[in-house]
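Some notes on the structure that comes next.
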Amino acid sequence: MGAEGLSPRDPSSYSRPEDVVVTNIGINLNVDFNKKILHGHVVLDVKRINKNATELILDAKNLTVSKVIDHYTKKELKHVISDTIEEFGSKMSIELPAQEADNFTLSIYYENNPNASGLQWLTPSQTAGKQHPYLFSQFQAIHARSVIPCQDTPSVKTKYSATITASSELTVLMSAILKSTVTEGNQKQSYFIQDVPVPSYLIAIAVGALESKKIGPRSHVWAEKEIIGACAYEFAETEHQLKTAEEICGPYVWGIYDLLVLPPSFAYGGMENPCLTFVTPTLLAGDRSLANVVAHEIAHSWTGNLITNRNFEHFWLNEGFTVFVERKIKGKLSSPLQQDFDALGRLPELKETVKLLGETNPLTKLVVDLKGVHPDDAFSIVPYEKGQTFLRYLEEVVGGPAQFEPFLRKYFDTFKFKSIDTDDFKSFFENHFSNNSAIQSVDWNVWLYSPGMPPVIPNYNTTLAEKCNKLNKQILDWDEKAACPVESSQVKNLTADEIIYLLQQILDDKPQSVTKLEKLDKVFHFSDVKNSEIKFRWLRIGLKSHWPKSVDPALDWVNEVGRMKFVRPLYRDLYAWEDSRAKAVDNFEKNKQYMMHVVAYTVSKDLHLTS
């Protein structure tokens, strides 16, 4: 794949905001469920930065553009859409009107492709209610261009407004504040405004038969009516998490914090769309044990949304900071012991990913080179966990939370509404702690640009882990001919997090005998568990141990849930076992049409069906 024509400032975008930049987006689109397209126009306010610039360059992916109009003269403007470079889409060049002034307003009339990579269209049968279709978007990392002609780079942040026309039977939601709705016949127009500048990947839309329940003074949860009660219960503590985040990070600037629980095909645990976090229904454990994902998305309100990585080579600035703050929220709401236990529990997953990618793979660096590499191909746990490990290490170096948290607040306040890169963070850190001689020991080059595991693992408190380590040793040392050494009473005293940690340790060890797994299942009832994180690890342990009983439940589950965190490892495990390989490939081919684009795209590579 060539990278000709892509931006020198962002290897994932064609746009040249250093010459001409988009300053505001007005979206006017109609939702057509029959054709599976959005059609209408966008109004772009643009500003010429380079006085010699004669064209506006946008990103577009499989868009059919009918015309581009100068808002002031009403004349049509010349535009050219280049050939497509695989997943990157095309460069759209628009000739600027001949005028002295440097501010322009352009209207682009177009429709998108039914297979737009940033949209997921669901038939009624794929929804909980079975009566109405459903649409939702996922623009991160670079899929906004498949829906909106835009400068699809996180270095450009704009306010936006939107008027969306859809069936009056359905509710339209966006990552913005709903200002008004107007119903005419069987159509309804919904008008939204987002007054805080956002990158294109944070524009989001969902359309479906949705209901809401109030769960806090600034929060509602949205979902199909069949699951709205369970959702309201699961996320009832959202305001506590939000207030705790404000204590750490400063004022919440987005007005409302709503949650939308999507259908199961959603690819991520959550997506931090401003004002409206998208979350997966796999969080509905029934006991709020997985609601910490919401703490992660809340943290993004500062780390990622308020301060944004300039391009996705610096993705760790979004995700490493977010995991770091998420764990601080968790530590304040429960205990610092829980915060450290959470970090310890994710280290094995980081080790597995580094081993899978290869310890010298450049994609295991904190700052990656994305020239010719699609951000979806670079996506992994590395920027999350290696990133937060680096920040925790820096916190220890400067003296602990009492020194680091004021710095964090100043960092958020200094760079809010901006897009930055790693050098910006490094300079700010070194300037803030210039009188702290301990920072001279930080080897920035190794941390940022060396592949593999972090060079230092922070001094985490292991108190909670030690209980699980003892249980794990009992299980691994146990001769399965004897009775199971773990009693059901011990199981009842374990939290969901402790069970997840325990299972991760078993998964990281050698394959277990089928007899041992069967006996463990009688004590723990893992096969019947609702918690998705527990279920996921139990299925993986079974597949690794070549337990035939695990194959069909694993296949059924990857058809039911679309969350990449679960689907990709399970497909890789199914492929790794010769007895289940053909079944895995056949199952994927039959069901890939129901997957989000990013899931089908990456799983096809995991199954060696595409390179």
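The values are calculated or read from the model by the stated rules, or taken from the named source; none is laboratory data. Keep in mind that this is a model prediction, so the values were computed, not measured. Glycine also receives a Cβ, built like all others from the backbone with ideal geometry; neighbour counts cover every protein chain displayed. Heads up: the accessible areas ignore ligands, DNA and RNA and are worked out on the full protein's heavy atoms, side chains in. Shrake-Rupley method; radii C 1.70, N 1.55, O 1.52, S 1.80 Å.
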**OP:** Give the range 472-490 a look and list any residue that's touching a Pro at 6+ places or on another chain (Cβ under 9 Å) and hydrophobic (A, V, I, L, M, F, W, C), or say none.
**Re:** Ile475, Trp478
Original post:
Looking only at the range 535-566, which residues are in contact (Cβ under 8 Å) with a residue 60 or more places away in the chain and in a helix (DSSP H, G or I)?
Top reply: Glu560, Met564, Lys565, Phe566
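State which residue is nearest to the chain's Cα centre (by Cα) when the search covers only the range 172-185 and only residues that are surrounded by fewer than 13 Cβ atoms within 10 Å (Cβ to Cβ) and at pLDDT 95 or above. Let's see the steps before the verdict.
Quick first cut of the range 172-185, residues surrounded by fewer than 13 Cβ atoms within 10 Å (Cβ to Cβ) only: 179-180, 182-185.
From what's left, at pLDDT 95 or above: 179-180, 182-183.
Working: Lys179: 27, Ser180: 29, Val182: 32, Thr183: 34 Å.
Only one residue fits best here, namely Lys179.
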**OP:** Return only the number of the condition from (1) among the hydrophobic types (A, V, I, L, M, F, W, C); (2) surrounded by 20 or more Cβ atoms within 10 Å (Cβ to Cβ); (3) closer than 15 Å to Thr277 by Cα that Val253 does not satisfy.
**Re:** (2)
Original post:
Restricting to the range 94-122, what's the tally of residues that are open to solvent by 20 Å² or more (accessible area, probe 1.4 Å), in a strand (DSSP E or B) and touching a Phe, Trp or Tyr at 6+ places or on another chain (Cβ under 9 Å)?
Top reply: 1
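Name the helices (runs of 4 or more DSSP H) wholly inside the range 358-469 in which the number of residues that are open to solvent by 10 Å² or more (accessible area, probe 1.4 Å), within 17 Å of Leu317 (Cβ to Cβ) and in contact (Cβ under 8 Å) with a residue 24 or more places away in the chain is 3 or more. Spell out the reasoning first.
Values: elements: 375-378, 382-398, 401-415, 422-432, 444-449.
Answer list for the range 358-469: 382-398, 401-415.
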Original post:
Checking Leu56 against (1) open to solvent by 20 Å² or more (accessible area, probe 1.4 Å); (2) within 23 Å of Ile203 (Cα to Cα); (3) in a strand (DSSP E or B), which single condition isn't satisfied?
Top reply: (1)
Subject >> Residue in the range 123-155 that is nearest to Phe315 (Cα to Cα), counting only those that are in contact with a Pro (Cβ under 9 Å, 6 or more places away or on another chain) and assigned to a helix (DSSP H, G or I) >> reply: Ala144
Original post:
Which ones in the range 601-611 are assigned to a helix (DSSP H, G or I), surrounded by fewer than 17 Cβ atoms within 10 Å (Cβ to Cβ) and small (Gly, Ala, Ser)?
Top reply: none
Original post:
Quick one: is Pro281 closer than 30 Å to Tyr252 by Cβ, open to solvent by less than 10 Å² (accessible area, probe 1.4 Å) and in contact (Cβ under 8 Å) with a residue 12 or more places away in the chain?
Top reply: no
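Based on this model, can you work out whether Asp70 counts as open to solvent by less than 20 Å² (accessible area, probe 1.4 Å) and either of a type in the set (D, E, K, R) or without any contact (Cβ under 8 Å) to a residue 40 or more places away in the chain (or both)? I'd like the intermediate steps shown before the answer.
On the way: open to solvent by less than 20 Å² (accessible area, probe 1.4 Å): yes; either of a type in the set (D, E, K, R) or without any contact (Cβ under 8 Å) to a residue 40 or more places away in the chain (or both): yes.
Here the answer is yes, as Asp70 does meet what is asked.
Taking Ile164, is it open to solvent by less than 10 Å² (accessible area, probe 1.4 Å), among the hydrophobic types (A, V, I, L, M, F, W, C) and outside any strand (DSSP E or B)? Give the derivation first.
Details: open to solvent by less than 10 Å² (accessible area, probe 1.4 Å): yes; among the hydrophobic types (A, V, I, L, M, F, W, C): yes; outside any strand (DSSP E or B): no.
Judged against the criteria, Ile164 is not a match.
Name the single residue, out of those in the range 573-599 being in a helix (DSSP H, G or I) and touching a residue at least 40 places away in the same chain (Cβ under 8 Å), that is most open to solvent (accessible area, probe 1.4 Å).
Looking only at the range 573-599, we keep the residues that are in a helix (DSSP H, G or I), and these are 573-576, 578-594, 597-599.
Right, trim to touching a residue at least 40 places away in the same chain (Cβ under 8 Å) and you get 594, 597-599.
Numbers: Tyr594: 106, His597: 55, Val598: 11, Val599: 2 Å².
The qualifying residue most open to solvent (accessible area, probe 1.4 Å) is Tyr594.
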Subject >> Positions within the range 470-485 being open to solvent by less than 50 Å² (accessible area, probe 1.4 Å), part of a helix (DSSP H, G or I) and not β-branched (Val, Ile, Thr), in sequence order >> reply: Leu471, Asn472, Leu476
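Residue-by-condition table, conditions (1) part of a helix (DSSP H, G or I); (2) open to solvent by 10 Å² or more (accessible area, probe 1.4 Å):
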{"site": "Val207", "(1), (2)": "no, no"}
{"site": "Lys213", "(1), (2)": "no, yes"}
{"site": "Val221", "(1), (2)": "no, no"}
{"site": "Lys225", "(1), (2)": "no, yes"}
{"site": "Tyr233", "(1), (2)": "yes, yes"}
Subject >> Answer residue from the range 63-87, given it is under 36 Å from the mean Cα position of the chain (by Cα), of a type in the set (A, V, I, L, M, F, W, C) and at pLDDT 95 or above and is farthest from Ala378 (Cα to Cα) among those >> reply: Ile69
